[in-house]
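In what follows, a single structure is set out as structure tokens and then discussed.
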Amino acid sequence: MSASSSYEAFQQILKSAKHIATICGAGLSAESGIPTFRGEGGFWRTFEATELATPSAFKANPSRVWEFYHYRRELVLKKQANNAHKALVNFENKVLSQTPQNQTFTVITQNVDGLSSNLKNIIEMHGSLFRTRCTKCGDIEKNNDSPICEALKGTEDSNFDTNIPIEKLPSCTNCEGLLRPDVVWFNEKLDQNILSKIHEELDRCDLLLVIGTSGTVYPAAGYSNYVKLRGGKIAIFNIEDTGDADFKFIGPCGETLSKALE
Ligand code: BJW
Ligand code: ZN
């Protein structure tokens, strides 16, 4: 497939599309100063970020994994939505203000940073940095505390493990069990309700915007192909060429997405 990089041609398709969806990744938040998972920014201390996003890493060293998530929570709390996040919000508002409303727009994101919280119709498929889940009773709670617990305070500035004992890590107010971030780690199943909602969207989607994702992690990595096989159009927004598409806008998505959706 030879891809177009014409904004005019894209905007024609955008205008005629009925059901528009996105699959977003870490690149969407890169211009806010949030590191991506792979490539240059993919290291925290001496660890690869992807090594820590696993149930086995948490089991082996809950203190280290909590330090990693505490660091990211504290970082995100200092950061703001960038032009790409804003372009999505503006476009959603535009779609919602149509009379009659003859389009739908759904943002599916792998990001857990909450920087798209101004959107009305968003599916956060990998969870949220700002929710906790009890490993004992399963209770899920919103949590924006900074720091999330006393023992983690200041560890975001350290280069070494603090080795916090389990009883000093975040704990459940109901049952005192160890809390974990309510995110989806490798080898964990995604929430069935969320998967159903995503499939409802993909089954009607005629234009999928693939924004700032390396497309290496399933199930999200399969969405572009899924929509393409159904006859939908694909538009990639990335600083690198990440695969087959009808449109490719190579460059920082704060610029390319703003221009494409204006
Ligand atoms: C810019 C930019 C700018 C930079 N502008 N662009 C089928 C085949 C093979 C394996 C599997 C399979 N199905 C499932 C698996 C196993 C596994 C998997 O996919 N493994 C692969 C590595 C092969 N998947 C799972 O385990 C999933 N579970 C599941 O499917 O359950 C059922 C099952 C289990 C086991 C076997 C079979 C079935 C769960 C996946 C959960 C992923 N979790 C994480 C952590 C979330 C919590 C946290 O944040 O800590 O999600 S890992 C990490 O990767 C995170 C991200 O959401 C995800 C995707 O990364 P993303 O967003 O694409 O980031 P990067 O860094 O990779 O890319 C950034 C991109 O931005 C780059 O392209 C840059 O160029 C670009 N960029 N600046 C535009 N300014
Ligand atoms: Zn509990």
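Since every read-out is calculated from the coordinates, none of them should be taken as a lab result. All of these numbers come straight from a predicted model, not from anything done at the bench. Positions of Cβ are backbone-derived with ideal geometry, glycine not excepted, and every protein chain shown enters the neighbour counts.
What the table below lists for this structure:
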item: Which listed pairs, of Lys86/Lys120; Lys168/Lys189; Lys78/Lys168; Lys189/Lys248; Lys18/Lys86, have C-alpha distances above 19 Å, in listed order; result: Lys168/Lys189; Lys78/Lys168; Lys189/Lys248; Lys18/Lys86
item: Spherically averaged projected area of the stretch 116-187 from its Cα convex hull (nm²); result: 6.5
item: Antiparallel DSSP beta bridges within the stretch 36-181, percent to nearest 5; result: 75
item: Where the Cα pairs of the stretch 86-141 fall when distances are cut into 5 Å bins, in %; result: 4, 17, 22, 18, 14, 10, 7, 5, 3, 1
item: Rounded Å value of the spacing that divides the Cα centres of the stretch 16-65 and the stretch 136-203; result: 14
item: Rg [Å, one decimal], Dmax [Å, integer] - the stretch 147-206, C-alpha atoms; result: 17.9, 51
item: Rounded to 10°, Cα long-axis angle of helix 83-96 versus longest principal axis of the chain; result: 60
item: Most positive-pole-ward Cα, His126, Phe160, Asn143, against dipole of the stretch 71-167 from beta carbon charges; result: His126
item: Estimated Rh, the chain: Kirkwood, alpha-carbon pairs, angstrom; result: 19.4
item: Kirkwood Rh, Cα atoms: Rg over Rh of the stretch 151-262; result: 1.13
item: Under the Debye formula (equal points on every Cα, no solvent term), log10 I(q)/I(0) of the stretch 25-148 at q = 0.12, 0.17, 0.21 Å⁻¹; result: -0.53, -0.96, -1.31
item: Label-point separation, Ile250 to Ser146 (7 Å along Cα→Cβ), nm; result: 3.8
item: Theoretical ellipticity at 222 nm over the chain - DSSP helices of four or more residues, -39500 (n - 2.57) apiece, nearest 500; result: -8500 deg cm²/dmol
item: The chain: antiparallel DSSP beta bridges as a percent of all, rounded to 5; result: 30
item: Cubic angstrom per residue, convex hull over Cα atoms of the stretch 30-81; result: 76
item: Inter-probe distance in nm under a simple model that places probes 7 Å from Cα toward Cβ, at Asp203 and Gln12; result: 3.2
item: Among 153-163, 225-235, 85-95, the order from most to least packed when residues are scored by Cβ within 10 Å on average; result: 85-95, 225-235, 153-163
item: Principal-axis tilt of helix 192-202 within the chain, Cα atoms, nearest 10 degrees; result: 20
